[in-house]
1. Which residues' amide hydrogens lie under 5 Å from the amide hydrogen of Ser81, considering only partners 5 or more residues apart or on another chain, with H built in the peptide plane?
2. Normalising by the residue count of region 111-177, find the relative contact order in percent from Cα pairs under 8 Å and 6+ residues apart.
3. Could you tally up the Lys pairs in region 6-260 with alpha carbons closer than 20 Å? Skip any pair fewer than 8 positions apart unless they're on separate chains.
4. Considering only Arg194, Arg210, Arg27, give the residue with the highest GNM mean-square fluctuation for the chain, with springs between Cα atoms whenever their separation is below 10 Å.
5. On a C-alpha basis, how far is the centre of region 200-224 from the centre of region 81-130 in Å? Whole number, if you could?
6. Between Gln3 and Asp191, what is the spin-label point distance in nm, taking each point 7 Å from the Cα along the Cα→C-beta axis?
7. What distance in nm separates the simple spin-label points at His29 and Asp251, each placed 7 Å from Cα in the Cβ direction?
8. Expressed as a rounded percentage, what relative contact order does region 120-264 have, with Cα pairs under 8 Å and six or more residues apart?
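The values are calculated or read from the model by the stated rules, or taken from the named source; none is laboratory data. Every value quoted in this text rests on a predicted model; they were computed, and no experiment measured them. We place every Cβ from the backbone using ideal geometry, glycine too, and count neighbours over all the protein chains shown. For the accessible areas, the whole protein counts, side chains as well, though only heavy atoms, and no ligand, DNA or RNA atoms are used. Shrake-Rupley method; radii C 1.70, N 1.55, O 1.52, S 1.80 Å.
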Amino acid sequence: MNQRRTLIVANWKMHLNTSQASLLVHRLHERIRIHRNIEVVLAPSMLVLQPLSTQIDRRKFRLAAQNAYQKDEGAFTGEVSFTMLQDLVHYALIGHSERRIYFNESLEEIRDKVAAAIRNDITPILCIGETQHEHKAGETKQVLHDQIVTALSNLTAAQVKEVVIAYEPVWAISTFGGTLAKPTEVQHILDFIRHQVSQLYGATAAEAVRVLYGGSVDDQIVRGYLELEGCDGALVGGASLNYQKFAGIIDAAHRLQTETGDDA
Ligand code: PGA
């Protein structure tokens, strides 16, 4: 039995205004039960974080930002800093492939965002993943290696222990094609990621880091990923907008824990 708590993250992307988000949380609240060993995190739009923070039952849900700016304060028109989010969120997605691809976020910018999150006591959920082109060219490990090494390079081993890494092959994300990744293939990469962390920061850090899988995950297929060795949860996009599907994902995680005795 591992000591890492399962993490199920809903990435709502640029969907749901304040009242739509409030309705979804209401439905999720009715449908989801509290499980000691499962953490459920909602990542709504920036605009919706504040109102949701007063609505959510904190025993059931935690909040995440989908992005933030790496400087703490200053003349950066249009940006919101991790410092400003400090009392509002536990987590922040960093380096999601939509940010890397549509907003040209560089490896260095992502590194600075990870450091800014840690500096402000927000747990980074570092998203990594190779594109279809890189996958086909056999460059997956090199790409992931570069993403991991750069993103974590300003952290100490103790800080790395806190980080969550979400492996999301770009080609498996619903909006970029949504080809389902084979669990056996994902297993190989999860092992590779933990091995990288171990090489860079030691076995203790590698054992503590939580590694998630994301890419077209829904209630029907989530189990195939959650039961992989060293898979600590899921990052869910499309299916997280549907309360039945999202609640079904949490049910599947709970069922798996009950069967394996990890719910104690
Ligand atoms: P998806 O998105 O579940 O819709 O593929 C996952 C993500 O982009 O985080």
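1. Counting only residues 5 or more places away or on other chains, the set is Tyr69.
2. Values: 70 pairs, mean separation 31.0, N = 67.
The value is 46 percent.
3. Working: Lys13/Lys113; Lys13/Lys245; Lys60/Lys245; Lys71/Lys113; Lys113/Lys161; Lys136/Lys182; Lys141/Lys182.
Number of lysine pairs found: 7.
4. Sorting by GNM fluctuation, first place goes to Arg27.
5. 17
6. Placing both labels 7 Å along Cα→Cβ, they lie 2.5 nm apart.
7. Simple spin-label model gives 2.2 nm for this pair.
8. Working: 209 pairs, mean separation 31.1, N = 145.
Over region 120-264, the number comes to 21 percent.
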